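**Q** The following block contains the structure, expressed as structure tokens.
The values are calculated or read from the model by the stated rules, or taken from the named source; none is laboratory data. Keep in mind it's a predicted model, so treat the numbers as computed, not measured. All Cβ positions, even for glycine, are placed from backbone atoms using ideal geometry, and neighbour counts span all protein chains on display.
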Amino acid sequence: MFQRSVRTWCVSLLAAISLIASDTAISSKKPILVGASVALTGKYSRTGQEQLNGYRLWVEDVNARGGLLGRPVQLIYYDDESKPLTGAKLYEKLISGDRVDLLLGPYSSGVTLAASTVAEKHQFPMVSTGAASSKIWARGYKNVFGLYTPAESYMNQILFFAKRKGLSRVALIHADTAFPRAVAKGVKALVKQLGMQLVFEEEYSKGSTDFSAMLVKLRLRKPEVLIGGSYLPDSTAFVRQAKEYRFSPKIMAFAVGPGLPDFGENLGADAEGVMGNTQWEASLKLPGAQRFARRYQQRFGHAPGYHAAGGYGAGQVLEAAVKRAGSLDRDALRKALSQLKITTVFGRYAVDAAGKQIGKPGYTIQWIEGKRHIVLPRAHATHQILYPFQPWQNR
């Protein structure tokens, strides 16, 4: 019995020594440098921070698995201040100055448009993490590979639902940047296709939070559906002011904002019934999604939004491409990213010849009793749709 215990202890000790030696060997090798710009300040700072958190968790996990090609992974990032010009300069620095081995994209379509131009100039493959405007993939570039469902289809499920309910009068508002304009383009095309009527459209400058004049005009047009191509601050401000002006269409939906936990935290009961879209929710039956959500909560003290899961998923795509290529050679990586078809924590990854995402669906969410629920498509729904949007005076 004693001899067996000694043998067991020796085997355990040898295994531990082997693991330590392996970790030491990996950590002693030159790290693989992964570069990215992130929005830590400026308009996109909230979503940019979520994306960075996802990157960080992936780096921790890939290194726990032994790194890439037997080498540790190190993330190098800079604050692009939510500005395209700054982002472009930072990707030039990452490629030419820091000599990074791999690239992950910034947050927002505007910054990605600028950053991907730099990547294309250097023929450096980049996983576009937080961008959805199809304009990015309409320029003939060969080095930008998308993760998000294209923005033009963000509101499709909501418009199809509205049509089934017999609604026809649609109002569209959107910010004057790349992603909201792409959302608006898709909305206008589908409204026309469905034989609905666009009774109001207005573009507003980025950063706008005063919608009082717009709401006066909206009330006169009496839309049944209000769709906003927006972000968190503007969608939150609009809902607050919609309550003041008693503007209550039967459907009120926004891009990005409602998909973040902050939307419900900021608006409280006033978020009830507001719809939006999401690229990801922890309730989806995706490999590792629930584990990721638990770890994220423990690590950062709040539940992850889809931007965080996108950051982690982009890392997984990059990891799979490196393993498929068997090296850091850019031509091999470009080919691997073009051909790769995998399911990550974030969802399905598959791109077309231009690098635009074609494998991943989007989801419609709605705020119900203080929680964000998937309501469309029905196969993934965690709650029935609350319809119509309850008028403010009846709450």
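**Q** For Gly311, are the conditions met, namely being closer than 22 Å to Gly54 by Cβ, buried (at least 23 other Cβ atoms within 10 Å of the Cβ) and in contact with a strand residue (DSSP E or B) (Cβ under 9 Å, 6 or more places away or on another chain)?
**A** yes
**Q** Additional query: Within segment 184-192, can one find any residue that is touching a strand residue (DSSP E or B) at 6+ places or on another chain (Cβ under 7 Å), crowded, with 24+ Cβ neighbours inside 10 Å and in the same structural domain as Gly87 (by TED's automatic domain parsing)?
**A** no
**Q** Mind counting the residues in segment 184-215 that are among the β-branched types (Val, Ile, Thr) and part of a strand (DSSP E or B)?
**A** Total meeting the criteria: 1.
**Q** Further question: For the list (1) surrounded by fewer than 22 Cβ atoms within 10 Å (Cβ to Cβ); (2) at pLDDT 95 or above; (3) assigned to a loop (DSSP other than H, G, I, E, B); (4) in contact with a helix residue (DSSP H, G or I) (Cβ under 7 Å, 6 or more places away or on another chain), I need the number of the one condition that Ala303 fails.
**A** The number of the failed condition is (2).
**Q** While we're looking at this one, here's another question. List the residue pairs whose Cβ atoms are under 6 Å apart, where the first residue sits in segment 357-371 and is in contact (Cβ under 8 Å) with a residue 24 or more places away in the chain, the second is acidic (Asp, Glu) and in a loop (DSSP other than H, G, I, E, B), and the two are 6 or more positions apart or on different chains.
**A** So the pair list comes out as Trp367/Glu272.
**Q** When both residues are 6+ apart or on different chains and their Cβ atoms are under 8 Å apart, which pairs have a first residue that lies in segment 264-276 and is in contact (Cβ under 8 Å) with a residue 12 or more places away in the chain, and a second that is of a type in the set (D, E, K, R)?
**A** Taking only residues 6 or more apart or on different chains, the pairs are Gly264/Lys371; Gly264/Arg372; Leu267/Arg240; Ala269/Arg395; Asp270/Arg240; Asp270/Lys243; Glu272/Glu369; Glu272/Arg395.
**Q** Just to be sure before I move on: is Gly311 in contact with a Ser or Thr (Cβ under 9 Å, 6 or more places away or on another chain), closer than 30 Å to Arg71 by Cβ and not in a loop (DSSP other than H, G, I, E, B) in the structure I sent?
**A** Taking the combined requirement at face value, the residue satisfies it.
**Q** Could you tell me which residue of segment 360-395 is nearest to Met126 (Cα to Cα), considering only residues that are surrounded by fewer than 16 Cβ atoms within 10 Å (Cβ to Cβ) and of a type in the set (Gly, Ala, Ser)?
**A** Filtering segment 360-395 for residues that are surrounded by fewer than 16 Cβ atoms within 10 Å (Cβ to Cβ) and of a type in the set (Gly, Ala, Ser), the one nearest to Met126 (Cα to Cα) comes out as Ala379.
**Q** Could you tell me which of the residues Ser168, Ser134 is among the hydroxyl-bearing types (Ser, Thr, Tyr) and out of contact with any helix residue (DSSP H, G or I) (no Cβ under 6 Å at 6 or more places or on another chain)?
**A** Going through Ser168, Ser134 in turn, the sole match is Ser168.
**Q** Continuing with this model, one more query. From the list Gly229, Gly186, Gly207, which residue is in contact (Cβ under 8 Å) with a residue 40 or more places away in the chain and touching a Phe, Trp or Tyr at 6+ places or on another chain (Cβ under 9 Å)?
**A** Matching residue, one of Gly229, Gly186, Gly207: Gly229.
**Q** Restricting attention to segment 227-236, which residues are of a type in the set (A, V, I, L, M, F, W, C) and surrounded by fewer than 24 Cβ atoms within 10 Å (Cβ to Cβ)?
**A** Hit for segment 227-236 is Leu232, nothing else.
**Q** Continuing with this model, one more query. Please determine, by comparing only the residues of segment 363-395 that are within 20 Å of Asn266 (Cα to Cα) and outside any strand (DSSP E or B), which one is modelled with the lowest pLDDT.
**A** Looking at residues that are within 20 Å of Asn266 (Cα to Cα) and outside any strand (DSSP E or B), I get Arg395.
**Q** Being of a type in the set (A, V, I, L, M, F, W, C), in contact with a Gly (Cβ under 9 Å, 6 or more places away or on another chain) and buried (at least 19 other Cβ atoms within 10 Å of the Cβ) is the requirement here; does Ala39 meet it?
**A** yes
**Q** As an exercise: evaluate Ala353 against (1) buried (at least 18 other Cβ atoms within 10 Å of the Cβ); (2) outside any helix (DSSP H, G or I) and give the number of the one condition it does not meet.
**A** Here Ala353 clears every test but (1).
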